[in-house]
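To start, the structure itself, in structure tokens.
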Amino acid sequence: MASISLANISKRFGSLSVLDNVSIDIRDREFVALVGPSGCGKSTLLRIVAGLESISDGEISIDGEVVNDLGPQKRDLAMVFQTYALYPHMTTAQNMAFPLKLRGHSALEIDKAVGQAASTLHLDDLMDRLPRALSGGQRQRVAMGRAMVREPRAFLFDEPLSNLDAKLRSHMRLEIRQLHQALNATSIYVTHDQVEAMTMADRIVVMNRGRVEQEGSPIELFDRPANLFVASFLGSPTMNMADAVLTTDDEGKPVLSFDAQTSRIPVPAFTGAPNRKVIAGLRPQHMDVVPPDEGMIQAQVQIVENTGCETNIVVAIGAETWTVQSRQRQRLAQGDVIGLIFREEHIHLFDHGSQKRIN
Amino acid sequence: MSLHGSDLTLSSTAARSLRAAGTRRRRSLPLLGLLLIAPSLALSITVIGYPIFDVLRMALFEVNRFGRLGDFVGLAHFVDAFSDPIFVQAAWQTVIWTLSVVGGTVLISVPVAIILSEDFYGRMIARTVILLPWAISLAMTAVVWRYVVNGDFGTLNMTLSALGLPFANYPWLAYPTTAFVIEILVGILVSIPFTVTIIMGGLTSIPRTLYEASALDGASTVRSFTSITLPLLRPFMQIAVVLNVIYVFNSFPIIWIMTNGGPSNRTDILITYVYKQAFVFGNLGNAAAGSVAMFAMLLLFAALYLTLTRSTETAEND
Amino acid sequence: MTKAKRSILCWAALSPLLVVAIFPYATMLSTALKQKDEVFAVDQSWLPRGLYLDNFTRLLFERNFGQAVLNSLTISLGATLLSLAVAIPAAYALTRLSVPGKPFFRNYLLITQMISPIVLIIGLFRMFAYFGMINSQTSVIIAHSAFYMAFAVWMLQSYFATIPRELEEAAWLDGASRFTGFVRVFLPLCLPGVVVTALFTFVSSWNEYAMSLTFLRDASQQTAPVQIAFLTGTLYQIEWEMIMAATLIASLPVAIIFAFIQKYLIGGLALGGVK
């Protein structure tokens, strides 16, 4: 197992910058998720770690050894590809044995390692099948098996679950997580699915436009997103945002007022000037529906979506459209006016200009 | 949030151009690429490039019948060739030959390709039979047809007389006009397979849903042919025409074997003229000048082809 | 319209062309099985008197046509191997590596594909004569490979492009060198494409006439198509029954190969040549 360190990695194609000064340290045995919208550079970064892609600047080291000029063959990493990349002309057993064969292991050793991986992954009955005779989930397992057999220094996952249907995906999520606990292997997991990142990773690195926006534990990122991008990227439904003004009340305490609303809402501690324009964010889960006159702000119901266990209420607050998620069944109809209440510690404040968190 | 939206498009364009550039590789590899291309390039530059140079040289210098080069003569060989009445005649015949063969081929190939793209019993058999002439050497096709149209014992006259038609001993290849017409027909027959193949490729590229949509819109079969099939087939037809022009313009064995350009040079085309000048009369200067003229025309066609494929590519991207 | 009805219509519409396409084969077969006196008889018929195979045996043993077939075989095999040997690396580089001047090389290949060897035949002849390679089958092998290589590169390229890059990348991560990855993962997967390309090159070389005619002056070196054409050039009575037997021998194998690969051509040509 290994620690992997990326220092000031940049990648450019001509004038086009794909990665811009990215630094990430991955500790031994850590499970790190790289997450971001498509095109943010996360897959490129993973491929750089794998040695499949060159870098324009920076330094990659594995266990302290700089590997910039080391080919993928020599880095001793294993990768699970989005398309699984199983060798179509080899059976399950041959696919899993291939890395060991290349390393010149004896037939006995290979059989043992492959057999072990196969039983861990419940592949015993599928050993003689070609990839095209396997289902999506089975292929996924074979790809993992091929990565496991040779006990690499780290596992790299490139959106491994994105080709599976929703049910299988949540099952495989669990399985990969269990596998990680059992193998205790350093893993880098690239995904665009924030739920995967949240549920699986020890640490999440949120990327956007070739840069790291924020890194931290899933809960840290969810509770204290460092900027608007992270705030809106993590969490479902998306965090509600609105332009707001910070002022002080008669007692000199800072309060928040939304453009359309007269009510003044007490706010948590923040840094910087007390009177200015900000962007205020509130997660849909952090609001409660009350009669209009009891609410901190009033809203008009536009659409009510019942998912069974939760109710998503899309409301208009002045010119803004917010979503409120409620655990209670709400008897509401379009056009109803409701009140919303929330706790001050759930308010996220972002600077209007820099879009950075200020509280 | 629209700000973030535009960020996404920007970076996904980046990712696309990244893939398009195919630059997923490590630093040392441009050299490997060149190394892998080198043998093919060397072979083709030696065997194709050097003769081009040599033919140009022969066209511009004095050259005796054994190929020994003498003084620079400028365009004298060209003047000689162009003022040879047989060259001029061959040039006209080349135009007739190329236009009739390519025109006939396209006229027949489009309906044939459409029929072969229909779903009917025995389609694979019909397809194979129609593509079969492609598999046979042009030389042998020419030999067989020469026998088929043989006046005295050819199977064509045999069949025609059996049908009661008065062609018992008609010597088709002895008269310039009938000889040329028969050569043109054989030329069409051997060009059909390639053309049908290209057009069928074009037909399979038209999505079925377009026809379903136009049927729902109330278009008749004829209407959907003229407003869907033909326009979408156009790039494929253009390319089939240009490539056929090139192949037919260059076609040597049919005429060489069936009539050898005769009777009295009336079926000669430029390529048989050049070959005769070089290998029958030993008139290398003339032959080289003719070759250069033909080569220039070929380059013109090739340039036309490249612009056509380029414009269809951009059309596809739009 | 039912499928049966449509089938009748389609076959009816195609029938004139089908008849013309089959006519030469019927002629070949019918004449090759006839005896000399039948061919030149006043009353001709399609059906030969009986199953007369002497034309074939005489052709192979008395006329040494077997040698011509063998020459054709040597040249076609040689040209196929040589053009694949240079086309496979080139096609791999074009699909997988960054090569400076790649678009230029692509266009160059396209143009060489359009140049007819006959336009350059005097230059080619002089070059091979300079190296003393006239009457040597090597000259034809080299010339054929140079002219058919471009098409082979195009065909291979369109197959190679269908093999996902990830497979090789997975092999590299599994510890395979670029070469091992190519041989153990890439090549087995594009074998069908390589086979089709090889067959197509073989057929083109087998059928080529003008270059073989020009570079091989000696009868013992000549290929089957050239010999057959020569047989028709005699001033004496042309032995059509022998010639037809010879064309049948020379055409049947390639026609069968072709029938197998034609369905790949429809996809390959349309994609490789047009787009």
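The values are calculated or read from the model by the stated rules, or taken from the named source; none is laboratory data. The structure presented is a predicted model; accordingly, all values stated were derived computationally and were not measured. A quick note on method: Cβ atoms are made from the backbone with ideal geometry, for glycine too, and the neighbour counts reach across all protein chains shown.
Determine whether A:Q330 is assigned to a strand (DSSP E or B) and either polar (S, T, N, Q) or more than 15 Å from A:P237 (Cβ to Cβ) (or both). Here the answer is no, as A:Q330 does not meet what is asked. Give all pairs with beta carbons closer than 6 Å in which a residue from region B:266-285 that is closer than 12 Å to C:I122 by Cβ meets a residue that is hydroxyl-bearing (S, T, Y); count only pairs at least 6 apart in sequence or on separate chains. Within 6 Å, the pairs are B:V274/B:S291.
A:T307 meets each of the listed conditions (1) among the hydroxyl-bearing types (S, T, Y); (2) at pLDDT below 90; (3) crowded, with 17+ Cβ neighbours inside 10 Å apart from (3). The one condition from (1) more than 8 Å from chain B (Cβ to nearest Cβ); (2) buried (at least 22 other Cβ atoms within 10 Å of the Cβ); (3) assigned to a loop (DSSP other than H, G, I, E, B) that C:A91 does not meet is (3). Each residue in region A:290-301 was checked for being loosely packed, with under 15 Cβ neighbours inside 10 Å and either part of a strand (DSSP E or B) or free of Cβ contacts under 8 Å to residues at least 40 places away in the same chain (or both), and 2 pass. For the structure I just gave you, tell me whether A:L45 is hydrophobic (A, V, I, L, M, F, W, C), within 13 Å of chain B (Cβ to nearest Cβ) and out of contact with any strand residue (DSSP E or B) (no Cβ under 7 Å at 6 or more places or on another chain). So A:L45 fails the test. In the set (1) more than 7 Å from every other protein chain (Cβ to nearest Cβ); (2) closer than 21 Å to C:S7 by Cβ; (3) surrounded by 22 or more Cβ atoms within 10 Å (Cβ to Cβ), the condition left unmet by B:V101 is number (2). Residues that are touching a helix residue (DSSP H, G or I) at 6+ places or on another chain (Cβ under 8 Å) and of a type in the set (F, W, Y) number at least 2 in the following helices (runs of 4 or more DSSP H) confined to region C:143-242: C:191-207.
Tell me, yes or no, whether region B:207-220 has at least one residue that is within 12 Å of chain C (Cβ to nearest Cβ) and assigned to a helix (DSSP H, G or I). Scanning region B:207-220, I find no residue that is within 12 Å of chain C (Cβ to nearest Cβ) and assigned to a helix (DSSP H, G or I), so the answer is no. Of all residues assigned to region C:151-166, at least one qualifies as being surrounded by fewer than 22 Cβ atoms within 10 Å (Cβ to Cβ), within 11 Å of chain B (Cβ to nearest Cβ) and acidic (D, E). Kindly provide the set of residues from region B:135-155 that are under 21 Å from the mean Cα position of the chain (by Cα) and either hydroxyl-bearing (S, T, Y) or more than 7 Å from every other protein chain (Cβ to nearest Cβ) (or both), ordered by number. Scanning region B:135-155 gives B:S137, B:T141, B:A142. Taking the condition modelled with pLDDT of 90 or more, over 22 Å from A:D243 (Cβ atoms) and polar (S, T, N, Q), does A:N312 pass? The answer is yes for A:N312. Considering only residues that are under 28 Å from A:R12 (Cβ atoms) and out of contact with any helix residue (DSSP H, G or I) (no Cβ under 7 Å at 6 or more places or on another chain), look in region A:217-231 and name the one that is surrounded by the most Cβ atoms within 10 Å (Cβ to Cβ). Looking at the filtered set, the residue picked out is A:L228. Close contacts from region C:40-60, counting a first residue that is more than 18 Å from C:I238 (Cβ to Cβ) and away from chain B (no Cβ under 14 Å) and a second that is in a helix (DSSP H, G or I) and at pLDDT below 75, with Cβ to Cβ under 9 Å and a gap of 6+ residues or different chains, come to none at all. The number of residues in region A:191-209 being in a strand (DSSP E or B) and more than 10 Å from A:C40 (Cβ to Cβ) comes to 4. Inspection of region A:81-94 identifies at least one residue that is at pLDDT 90 or above, part of a helix (DSSP H, G or I) and out of contact with any Leu (no Cβ under 7 Å at 6 or more places or on another chain). Checking each residue in region B:109-126 for being within 7 Å of chain C (Cβ to nearest Cβ) and surrounded by 18 or more Cβ atoms within 10 Å (Cβ to Cβ) picks out B:V112, B:I115, B:F120, B:A126. If you take just the strands (runs of 3 or more DSSP E) that sit entirely in region A:210-262, which of them hold at least 3 residues that are within 14 Å of chain B (Cβ to nearest Cβ) and touching a residue at least 40 places away in the same chain (Cβ under 8 Å)? Per the criteria, A:240-248. Residues considered: C:L14, C:L18, C:L33. Of these, the only one that is of a type outside the set (G, A, S), within 8 Å of chain B (Cβ to nearest Cβ) and crowded, with 20+ Cβ neighbours inside 10 Å is C:L14.
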